[in-house]
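Asker: Handing you a structure now.
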Amino acid sequence: MKTANYPLSLDENLRSAVKATAQATGLSQTETMRRAVKFGLPKVKTKLGRPQSRRSLFESLRALEPVKLKGR
């Protein structure tokens with residue numbers, strides 16, 4: 001298996017959270033970060049990802065319900 005090293009700059013709060021999590025789980029800090037990346041990627045993708053496909057204007061307008069105007 002090929003590996004790549006990526007240096008990470010962590011602020012003090014995040015570094016201490018990683019260290020505490022590693023101690024609580026019995027994992028190394030490196031393994032804790034690997035698992036955080038692995039398990040966190042799907043959530044990042046759904047929250048920040050772009051929509052897979054855009055609807056056309058016609059499809060968007062068709063999805064809207066008819067507008068009822070008052071007094072008409």
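Asker: State which residue is surrounded by the most Cβ atoms within 10 Å (Cβ to Cβ) when the search covers only region 1-41 and only residues that are among the small types (Gly, Ala, Ser) and assigned to a loop (DSSP other than H, G, I, E, B).
Answerer: The qualifying residue surrounded by the most Cβ atoms within 10 Å (Cβ to Cβ) is SER28.
Asker: Still on this structure, I have one more. Taking the condition of being polar (S, T, N, Q) and assigned to a helix (DSSP H, G or I), how many residues in region 42-72 meet it?
Answerer: First pass over region 42-72, keeping only residues polar (S, T, N, Q): 46, 52-53, 56, 60.
Still in the running and assigned to a helix (DSSP H, G or I): 46, 60.
Looking only at that region, the number is 2.
Asker: Of everything in region 22-47 that's over 20 Å from the mean Cα position of the chain (by Cα) and of a type in the set (Ser, Thr, Tyr), which residue is farthest from PRO7 (Cα to Cα)?
Answerer: Residue satisfying both the conditions and the ranking: THR25.
No lab work stands behind these numbers, since they all come straight from the coordinates. Small disclaimer: the values here were computed from a predicted structure and weren't measured. A quick note on method: Cβ atoms are made from the backbone with ideal geometry, for glycine too, and the neighbour counts reach across all protein chains shown.
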